Each structure stands twice: as structure tokens, then as C-alpha cells.
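Asks: Take this structure, written in C-alpha cells, and hold onto it; I'll ask about it next.
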Amino acid sequence: MTAATRPSDRYLELVCPAGTPAALRAAVDAGADTVYCGFRDCTNARNYPGLNFDVDELREGVAYAHARDRRVLVAINTFPRAGDAGPWHRAVDQAAAAGADAVILADIGVLDYATRRQPGLRRHLSVQASAANGPSLAFYREHFDVKRVVLPRVLSVADVAQIVAESRLEIEVFAFGSVGPMSEGRCFLSSYFTGLSPTSEGACAPASHVEYLERDGRMFSTLGKVTLNSFARGEPAAYPTPCKGRYVTHGRASYLFEEPVALNAISILPELKAAGVTALKIEGRQRSRAYVAQIVGRFRDVLDALARGDAMPQGLGDLKGEAEGGRETFGAYHKGWR
Amino acid sequence: MNAVSPPRLTLGPLLLHWSAEKRRDFYYRIADEAPIDTVYLGEVVCSKREPAAAAYFDRVAARLRAAGKRIVISTLALVTSKREIGHIRELAAAGAMLEANDVATVQLLAGAPYVAGPHINVFNEGTRDFLARRGAARIVLPVELSTASIRLIARGAGATEIEIQAFGRQTLSVAMRCYHARSHNLTKDHCQIVCGLDADGLTASTIDGREVLKINGTQTQTFEYGVLLPQLASLRDAGVTHLRLAPQDIDMVRVADLYARTLTGAVAADEALAELRLVTGDVPYANGFALGRAGAAWSAVPTA
């Protein structure tokens, strides 16, 4: 088992997903420096059945992590519906009471609440706030004293470097997992098809609205009765997320928004380090404990090698077997993506 | 009798990419004929389109002002480059009333009055109040909100004006990637401005032939025209102060006239819908978000 590194001699902080208490322990055991999780309700952007934490589970998770000198962040990163801010405010208070090391927030009203009511609780800005430029980061720093910003997955490495240089904040970027091509926190595609809002209910493409139908020997995947893809019998069917579907334009069907691929930035970690990034985020609170352990372990090994000054280890960067659709991308980090 | 004064009509920013001449002729006609209170100019979608708006900007603005229309300059929904930030900084320094669609613009305005645009997530009273205390004179709510949410936010808004889009395609997402370019096997950096080929957006259909989305450069929009005519009375009761008509490539003067007459009660909502159909051709309508349902849903039944 690899130990996580002390902050002082860290190459990059490794921030890992925990959809369940078991995944939290698996991530810590596999070498996560930091784990992030959410409460079991609409206050976080992975509000799926069977996932997330209640207050007691969070307290136990924090104890497990702190005993091993790791940190726990709580994502409260959806946008409260009008007249119903109670669950979000309660989540902030409960995260503080459970001893969480920081909360990851997106809504300006919730940030305002946390700043006033829990001033001692460290605040990070969620990717859901879609803050992709220097002045936006300055806004959240000045008004809410956020210490860290998770950058949207829309920026090239050069863009990231410029933001790091301009802001006086810790910058966290996505390094692995499922990526949406849309500006985060402002995508209404799933609610357009289903009526459930990822933005305020925390569930994009909820399974309750997904159906697979067989027609003429092919499988069709649908979301809210809208066909998003089709597959030959026996071909693995990707999950029907609106931005990963196939659409017809100019008479031709294509993955108009994004191919079914996973982000994997493991081979450009030195570039991200050089850009001044503080922390790497692994996406996937909806994934299994085994998946989390494997990805985290791989990143731990590579980060440890880089911290020792070794060359990028050969073969460790290939995670296609774990990637969505079995394919990988650098996403927006390389400018040709857009 | 309701004491609340009826909402005023606004013309939202042109989200489509039209030639300089088409824009000029469109706004001249709006200036001369449309019962519109505020016209939003400025580019929200892509800074590469800005020259087409700049060409006749001064003449268009002068004509709109001479016709008694207020002008607000809308700004980009996703700001990333230094040049884009510099452009917003210049607009702010010039003292123009801006619509902020990225928090960057709010920050660059440093407390000066502004309009918070629909791409700034104002989903609740807490966010409304925070922005209102720091210069948001008007808030244009996100298209995803239901009339129930709109009511709650409008009710306690005090002096802050509340606007909601009541006509036109609803923007469902914004991105760094240009899907219009991608549909032509191009990238954003070498796009040849192909978004200009589709004056009312590029249709995207499902693989089994259902028209579902419109692509507009880096934006994705509803295929349907959003039509909140059945909600007008309810929005008026809620204290919504402004109703936005989003420009489409149709007779927007007639659309504005129809909404104006519906607001004054000169025409009933069901008659207005029948008349609107003559202007919009066979493009379907949607008001699902307002109803708290899937955004693509439609009901002509008036909301209480």
C-alpha cells in the first residue's frame, strides 16, 4: 500500500471520488491525498440511488481519513431551488459539524451563507460554477474568500497556466474520468429531455428516464423517450447522456458534441505541474470501489515517480480498459479539441 | 383588477449569426415599428462574430434611441481569452449598461449597475439578493426555471427588476467547443464562421429522424420556439417586470405586437397563439420548463 504524500513534498495533490463509505476507504488505502463526497440528497451533483453519505457516515469517513493524515471535502455543488434553500444550508452546517476539511460550493447564495455562518470552514469553488477566467476567480475570492477553484473542463493547458498566474488561489483540474463538453452548471439538456434538473436536483440523465429498446435487430438507447444512440446486437451500449449521443446534421449521424471517451491526463501531469496546478481531480463518484482503487493506485504510482524526479513511468498511463467507451482523450487541454 | 403594471417587452440579444446588413435592417425595423422597451445588443455566443455587429452598431444604436428604446449591451456567456476580458473592460469603462452572462463581467463592473443575464445562475432568493446588493438592477432568470420558482424569486425582488424569456428558442448549453464547426468537420479555431450559413440555427435530429435540437455555434438550443403566451397572466401576477423576446429569423415585429396586445388584454391568449402560428410557420412550441416538466413539453392551457 502506498502512503499519500505530505503537502510539503507533494508533486500534485490527488483528489479522489467517493460515492460510498467503502469507496472512501478504498481511495484512502490506494493513496488518495484527499477524498471528496456528498450527502445523500439533491445538494450534490451525483444524486443517484445507492450513492452518497449521511451525517454519521461522513463523520466516520472523516475520522478514517484524518487518522491517516488525509483530507475529506464535501461537494454541495448544486443550485438550490427557490423557496427551498434549507437542505443546502443544512448540508453546509453538517459538513462543518462532521469535521470536513472543506466544502465545494457553486451557488452564490450558498457561498454567501457558508461565508457568513461557517466562516471557519474552508471553501472551494466547484466546477459547477463554471469560473473559467481571472476576473471570475477574483469575484469568488473577494466575496467568499474561496481558497481553491476547480476549473471547468473547457480550458487548454496554456489557459490554465494563465489563470494560475493571475489568481492567488489554489487551482484544481480534472485529470481522469467522464467529461462533458458543455460549460458546467449551465447545461439544461438533460432537463429538456427529462424534466429533472442536473443543476438543482443533481442528476444528469437519471436511470429512471433511460430505456433500451430493440428494433429491427438493433438496440436503441433513449432518455426521456428521445433516442440518443443505437447499437448492433452484442455491441456494448454506452449510457445515454445527452452530450454523448449521436445526432444527425447535414444528413449525417455523428457524435456531434463529444465521443464516448474518458479524459486521461496522466501523461501530461508534468505539463499541468509546470502550469502551476495544485491538485488533480479524478471524476467518478458513481463508479465502483474497485474502479476507484485501481485509478487512484495508478495515479499514486505515477505521482510518486514524478515526485522522486523519475521520468514518466512507461505503461502506467494506459487506462483504456477503465475508460468510458474504452477510449481516452486529453479533452480541452489540447487546443485542437475545441 | 390587478394593480401591478404589465411587464414591458424586451428584445434579447441576437444569438444567431447574421450578416452586418441583415442585422442593420432588422434593428432599423425594430426601432421604427416594434413595441419594445429595451433592446439588448452585443454578442453572447462567440467573439469571432463581433465584427458583424460592430459594422453598423453606432447607426443602429442611434436609431433605437431616437425611437425611445433603451439599449443594454449583452456580453459573452463564456469568457476565456484576454482579448474578451479586455473588450468587456472597455465596455464597462465606457459606462454602457451591460448584461453580464459570465461572473467575470460582474467583477469587471465593480459595483456599477448592470443586468444579470440568463447565463448567470440565479436559481434562488439568496443569489438574487447577493447580486442585487452589488449592482444587479435587473435579473434575467435562467430558462430552466418553472413559473413556481419565478414567482418566488420575483415576489421578494424589491426594486430589482425581473425578466424572463417568453419567446424564442431556449439556450440549453454553452461550450468552448463549436458544434457548428464540428458539424462541418472543422474546429473552432478554423471555423470559417459556418454558423452564418444557418440564419435560424442548424437542426440536429435523432438517429430515428426526430428534430430535437438547434445548433448555434457553441450553443445548443431547443428545436422548438419557447412560447410562454399561456403563462403571461401568471408571470404578470408574479411581478415579473420584463418579458424577453429572443430574435428568430421570422417577423419579430409581429411577434412583439402580438405579445404586447396579449399583455394589454386586447387579444386573448388562445387567439394570440393562433395568430402566432401564422408568423412562426410549423416550428413546434415548448413551455415545459415553465410548467416544471421536461423542457420540450408543450401545453396551451393557461397557467393559473
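Asks: What value, in deg cm²/dmol to 500, does the helix sum -39500 (n - 2.57) over DSSP H runs of n ≥ 4 give at 222 nm once divided by the residues of chain B?
Replies: -10000 deg cm²/dmol
Asks: At what distance in nm do the modelled label points of A:R90 and A:H66 sit from each other, each positioned 7 Å from its Cα along Cα→Cβ?
Replies: 2.3
Asks: List the residues, sorted by chain then number, that are 5 or more residues from B:E161 or on another chain and whose placed amide H is less than 5 Å from its amide H.
Replies: B:R138, B:I139
Asks: Provide the buried accessible surface between chains B and A in square angstrom, both chains summed, 1.4 Å probe, rounded to the nearest 100.
Replies: Interface area, both chains combined: 5200 Å², rounded to the nearest 100.
Asks: Among DSSP beta bridges whose residues both lie in chain A, state the antiparallel percentage, nearest 5.
Replies: DSSP beta bridges in chain A are roughly 40 percent antiparallel.
Asks: Taking the DSSP beta bridges in the protein assembly as shown as the whole, what percent of them are antiparallel, to the nearest 5?
Replies: 40
Asks: Continuing with the same structure: Please compute the net charge surrounding A:V248, taking Lys and Arg as +1 and Asp and Glu as -1 over other residues with Cβ under 14 Å from its Cβ.
Replies: +3
Asks: Same structure, new question: Find the relative contact order for segment B:7-50 and round it to a whole percent, using C-alpha pairs within less than 8 Å whose residues are 6+ positions apart.
Replies: 59
Asks: Per-residue mean of other chain beta-carbon atoms within 10 angstrom of the beta-carbon, peptide B:80-87?
Replies: 3
Asks: On to the next question. Residues of B:117-123, mean number of Cβ from any other protein chain within 10 Å of their own Cβ, rounded to a whole number?
Replies: Rounded to a whole number, the mean comes out at 5.
Asks: Expressed as a whole number of Å, what is the distance separating the alpha-carbon centroids of segment B:122-190 and segment B:58-79?
Replies: 19
Asks: Mind scanning A:K281/A:K335; B:K48/B:K82; B:K22/B:K214; A:K147/B:K82; A:K281/B:K82 and naming the pairs with a C-alpha gap bigger than 18 Å?
Replies: A:K281/A:K335; B:K22/B:K214; A:K147/B:K82; A:K281/B:K82
Asks: Now a separate question. Divide by every residue of chain A the summed helix terms, -39500 (n - 2.57) for each DSSP H run of at least 4, and state the resulting mean residue ellipticity at 222 nm, rounded to the nearest 500 deg cm²/dmol.
Replies: Calculated at 222 nm, the ellipticity per residue is -8500 deg cm²/dmol.
Asks: Which Cα, out of A:A129, A:Q118, A:V149, lies furthest along the positive dipole direction of segment A:77-156 (beta carbon charges, K/R +1, D/E -1)?
Replies: Most positive-ward Cα: A:V149.
Asks: Just subtract the alpha-carbon distance of B:A266 and B:K48 from 0.36 nm times their residue separation and send over the number in nm, one decimal.
Replies: Full-extension gain reported as 74.2 nm.
Asks: Report, in whole Å, the centroid distance computed from the Cα atoms of segment B:247-266 and segment A:100-177.
Replies: Distance between centres, Cα-based: 42 Å.
Asks: Residues with beta-carbon under 11 Å from that of B:V174, excluding B:V174: net charge, scoring Lys, Arg +1 and Asp, Glu -1?
Replies: Residues near B:V174 contribute 0 overall.
Asks: Give me the distance between the Cα centres of segment B:195-223 and segment A:217-285, rounded to whole Å.
Replies: Each part reduced to its Cα centre gives a spacing of 19 Å.
Asks: For segment A:189-254, what's the relative contact order in percent, using C-alpha pairs closer than 8 Å and at least 6 residues apart?
Replies: Value for segment A:189-254: 23 percent.
Asks: Sort the following peptides by mean Cβ neighbour count (other Cβ atoms within 10 Å, averaged over residues), highest first: A:142-149, A:279-286, B:97-104.
Replies: B:97-104, A:279-286, A:142-149
Asks: Counting partner chain Cβ atoms within 10 Å of every residue's Cβ in A:193-201, what's the average?
Replies: So the per-residue partner count for this stretch is 5.
The values are calculated or read from the model by the stated rules, or taken from the named source; none is laboratory data. Quick caveat, the model's predicted, so the values are computed rather than measured. Heads up, the Cβs are rebuilt from the backbone with ideal geometry, glycines too, and the neighbour counts pull from every protein chain shown. Please note that ligands, DNA and RNA were not included when accessible areas were found on the heavy atoms of the full protein model with its side chains. Shrake-Rupley method; radii C 1.70, N 1.55, O 1.52, S 1.80 Å.
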